[in-house]
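Working notes for the structure below.
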Amino acid sequence: MGTVTIGVSIAVPEPHGSLLQQLRAGFGDAAAHGIPTHITLLPPTEIEAGELAAVEAYLTEVAAAGRPFPMRLSGTGTFRPLSPVVYVRVLEGAEGCTWLQKQVRDASGPVARELQFPYHPHVTVAHGIDDEAMDRAFTELADYEAQWSCTGFALYEQGPDGIWRKLREYAFGSSVVPPQAGHVDRGSIPLR
């Protein structure tokens, strides 16, 4: 069956996502049009193709335990000289992203893995391009602002052409039907 490369991320919604993608391409980042604008929860990870159904089922559980949280992007940062990346900072929502990525990579799940660097939620706007273009991205987006309510995340697969495609979206919240009016759910009453 072979292997597939997957990733899990929070999509940056429109109109922000397309704008940042166009700017990234304008800075000379050739990968810009193959990578939807996002905040990574699970970096590119190779799995056996037969494990995809287990990953999807597990991500459904992670999403069911999640709750919407505010996201706010503001200004720029960089990982240089450690890594050739300029990014837009996650000013609000970093705690929610950090919690989610830990759940996605949990040792009990099908995609448990260690990270190369400590987790730092961000939106990449330039990667692996010349220093002058990196400096330009850092300066031009220094006053960038965007905000929205994060209501879920998505699973992506990288195709043989290098392009990332969304396989499935996962909305936060339980799929359990809430109790009807007048019905007392004994499971939610703390016992003393």
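Quick note: the coordinates plus some simple rules give every number you see, no bench work behind them. Just so we're clear, the structure is a prediction, and the values are computed from it rather than from any experiment. Every residue, glycine as well, gets a Cβ built from its backbone with ideal geometry; the counts of neighbours run over all protein chains shown.
Name every residue in the stretch 87-102 that is in a strand (DSSP E or B), buried (at least 18 other Cβ atoms within 10 Å of the Cβ) and among the aliphatic types (A, V, I, L, M), in order of residue number.
Val88, Val90
Quick check on this structure: which one of Arg136, Arg113, Arg105 is surrounded by fewer than 15 Cβ atoms within 10 Å (Cβ to Cβ) and in contact (Cβ under 8 Å) with a residue 40 or more places away in the chain? Steps first, answer last, please.
Working: Arg136 fails: surrounded by fewer than 15 Cβ atoms within 10 Å (Cβ to Cβ); Arg105 fails: surrounded by fewer than 15 Cβ atoms within 10 Å (Cβ to Cβ).
The unique qualifying residue is Arg113.
Just to verify a result, which residue in the stretch 105-142, among those that are touching a helix residue (DSSP H, G or I) at 6+ places or on another chain (Cβ under 8 Å) and hydroxyl-bearing (Ser, Thr, Tyr), is farthest from Glu95 (Cα to Cα)?
Thr124
Is the stretch 45-63 home to any residue that is surrounded by 16 or more Cβ atoms within 10 Å (Cβ to Cβ) and farther than 28 Å from Gly109 by Cα?
no
Whether any residue in the stretch 160-167 is of a type in the set (Lys, Arg) and part of a strand (DSSP E or B) is what I want to check.
Taking the stretch 160-167 and keeping what is of a type in the set (Lys, Arg), we get 165-166.
Retained after the next criterion (residues that are part of a strand (DSSP E or B)): 165-166.
Yes, the conditions are met somewhere in the stretch 160-167.
Of all the residues that make up the stretch 45-66, how many are among the acidic types (Asp, Glu), over 13 Å from Ala112 (Cα atoms) and not in a helix (DSSP H, G or I)?
Of the stretch 45-66, the ones among the acidic types (Asp, Glu) are 46, 48, 51, 56, 61.
Those left that are additionally over 13 Å from Ala112 (Cα atoms): 48, 56, 61.
Retained after the next criterion (residues that are not in a helix (DSSP H, G or I)): 48.
Looking only at that region, the number is 1.
So is Ala126 closer than 22 Å to Gln22 by Cα and either over 17 Å from the mean Cα position of the chain (by Cα) or surrounded by 18 or more Cβ atoms within 10 Å (Cβ to Cβ) (or both) or not? Write out each step before concluding.
Numbers: closer than 22 Å to Gln22 by Cα: yes; either over 17 Å from the mean Cα position of the chain (by Cα) or surrounded by 18 or more Cβ atoms within 10 Å (Cβ to Cβ) (or both): yes.
When the stated conditions are applied, Ala126 passes them.
Could we say that Pro84 is in contact (Cβ under 8 Å) with a residue 24 or more places away in the chain, of a type outside the set (A, V, I, L, M), surrounded by fewer than 21 Cβ atoms within 10 Å (Cβ to Cβ) and touching a helix residue (DSSP H, G or I) at 6+ places or on another chain (Cβ under 9 Å) here? Can you show your working first?
Working: in contact (Cβ under 8 Å) with a residue 24 or more places away in the chain: yes; of a type outside the set (A, V, I, L, M): yes; surrounded by fewer than 21 Cβ atoms within 10 Å (Cβ to Cβ): yes; touching a helix residue (DSSP H, G or I) at 6+ places or on another chain (Cβ under 9 Å): yes.
Yes.
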